[in-house]
Amino acid sequence: MKKLILCLLLLGGAYAVVSAKDTYAHDASVLPEAARNVIGKNFKSKVSVVKIDKDFGRVSEYDVTLSDGTEITFDRQGNWKDVETNVNSSVPSAFYPSAVASYVKKNHSGTRVVGVEKERRGYDVTLSNGIELKFDSQGNFLRYDD
């Protein structure tokens, strides 16, 4: 009986390891509709690579790289989690409240938003000069991030 239980546990563990393997695609069709809509509405660049992260055989998130180097992470339902562009581009303003854009323009003129991470209670914003800022969900500045 102990050998049977041990064998079943080993088989279950082996299955979990094999099914947790990430997969790659070069086509947006593997993404949930919500993710495809976000990309289509906000970016001119095409999808270059989609990495499908899996945990225990189930999709946990999608890491998308566009042809211009922009990287977007989506959860399994297609909701965006974070966006990063290269230093020569900007994250489209649709990804953060207008108060964030106003704050950046007033207090950090000459910089661009190159990264946005959506958190439970607000946004982490990275500027083109490397400064990281924290905002609440309405876009009110909270503090500089380390």
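The values are calculated or read from the model by the stated rules, or taken from the named source; none is laboratory data. Because the structure is a prediction, the values reported are computed rather than measured. As a convention, Cβ positions derive from the backbone with ideal geometry for all residues, glycine included, and neighbour counts pool all protein chains shown.
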*Got a sec? Which strands (runs of 3 or more DSSP E) wholly within region 32-99 have at least 1 residues that are within 21 Å of Asp124 (Cα to Cα) and of a type in the set (A, V, I, L, M, F, W, C)?*
58-66, 71-75, 80-84
*When only residues in region 80-122 that are under 12 Å from Gly139 (Cα atoms) and aromatic (Phe, Trp, Tyr) count, which is surrounded by the fewest Cβ atoms within 10 Å (Cβ to Cβ)?*
Tyr103
*asked:* Given the condition surrounded by 17 or more Cβ atoms within 10 Å (Cβ to Cβ), among the aromatic types (Phe, Trp, Tyr) and either modelled with pLDDT of 95 or more or closer than 25 Å to Thr23 by Cβ (or both), answer yes or no: does some residue in region 49-59 qualify?
replied: no
